[in-house]
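See structure below.
The values are calculated or read from the model by the stated rules, or taken from the named source; none is laboratory data. These numbers come from a predicted model, not from an experiment. Note that each Cβ is placed from the backbone with ideal geometry, even for glycine, and that neighbours are counted across all protein chains shown. These area figures cover heavy atoms from the full protein model, side chains too; ligands, DNA and RNA do not enter into them. Shrake-Rupley method; radii C 1.70, N 1.55, O 1.52, S 1.80 Å.
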Amino acid sequence: MEQTLIIFKPSAIERSLVGRILSRFEQKGLIITGMKMMKLSEEILRRHYAHLVDKPFFPSIIASMTASPVIVMCLKGVDAINVVRSMTGSTNGRNAAPGTIRGDFSMSGQENIIHASSSQADAEIEIKRFFLDDEIFDRLPYSTPFYYEDAEIQL
Ligand code: ADP
């Protein structure tokens, strides 16, 4: 199974959307393996959004992501990275499909509720960026055979 990193951005925290969004992940069958609240520094955001540091809107991203604490979360499942990305929807909430998290909760290109890792390579780096090894509980709940066929659990 894969693990992927989610950040509940200040737009989720301050609008009290965490429970509703987390419920979507739980009801889908994703397994929580790590979760904590933290305040993000500019330094960690410069690494996390390194592909955007030269954009004119980068200072606005820093202000947005440091406006309140965030909740970082690690979710596990078969093909979890793609599953969570498709549940998240496209970057701009106005273009995101209805039924996705951004499509249902965001009207903005910036204030778009959550971050979700976009590839396996990114997920591995991002989990290490936000969690210490002993903060990840790589577990399988007893209910797993009721979410997956036996062969899928090995994936
Ligand atoms: P995603 O979060 O969908 O993976 P990106 O990695 O391209 O998208 O962008 C990271 C974050 O930067 C976005 O989620 C959004 O909060 C912000 N962002 C991206 N593009 C813009 C933009 N044009 N204006 C303002 N904020 C943006």
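Key figures
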{"item": "Selection from segment 1-45 of residues that are open to solvent by less than 30 Å² (accessible area, probe 1.4 Å), hydroxyl-bearing (S, T, Y) and closer than 19 Å to Q110 by Cα", "result": "S11"}
{"item": "Residue in segment 69-77 that is closer than 25 Å to E135 by Cα, away from the ligand (no atom under 12 Å from the Cβ) and among the basic types (K, R) present", "result": "yes"}
{"item": "Of all residues in segment 125-143 being in contact (Cβ under 8 Å) with a residue 60 or more places away in the chain and in a helix (DSSP H, G or I), the one that is farthest from L52 (Cα to Cα)", "result": "E135"}
{"item": "Top-ranked residue in segment 88-110 [being in contact (Cβ under 8 Å) with a residue 40 or more places away in the chain and part of a helix (DSSP H, G or I); ranked as least open to solvent (accessible area, probe 1.4 Å)]", "result": "I101"}
{"item": "Segment 47-57, residues that are surrounded by 12 or more Cβ atoms within 10 Å (Cβ to Cβ) and either touching a Cys at 6+ places or on another chain (Cβ under 8 Å) or under 15 Å from H115 (Cβ atoms) (or both)", "result": "R47, H48, Y49, L52"}
{"item": "Output for segment 82-124, where each listed residue is over 22 Å from S64 (Cβ atoms) and away from the ligand (no atom under 11 Å from the Cβ)", "result": "N82, V83, S86, A97, P98, G99, Q120, A121, A123, E124"}
{"item": "Count of residues meeting criterion [away from the ligand (no atom under 16 Å from the Cβ) and of a type in the set (K, R)] in segment 125-152", "result": "2"}
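For every residue, the table says whether it meets (1) under 16 Å from the mean Cα position of the chain (by Cα); (2) hydroxyl-bearing (S, T, Y); (3) part of a helix (DSSP H, G or I).
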{"site": "I32", "(1), (2), (3)": "yes, no, no"}
{"site": "D54", "(1), (2), (3)": "no, no, no"}
{"site": "P59", "(1), (2), (3)": "no, no, yes"}
{"site": "K76", "(1), (2), (3)": "yes, no, no"}
{"site": "S86", "(1), (2), (3)": "yes, yes, yes"}
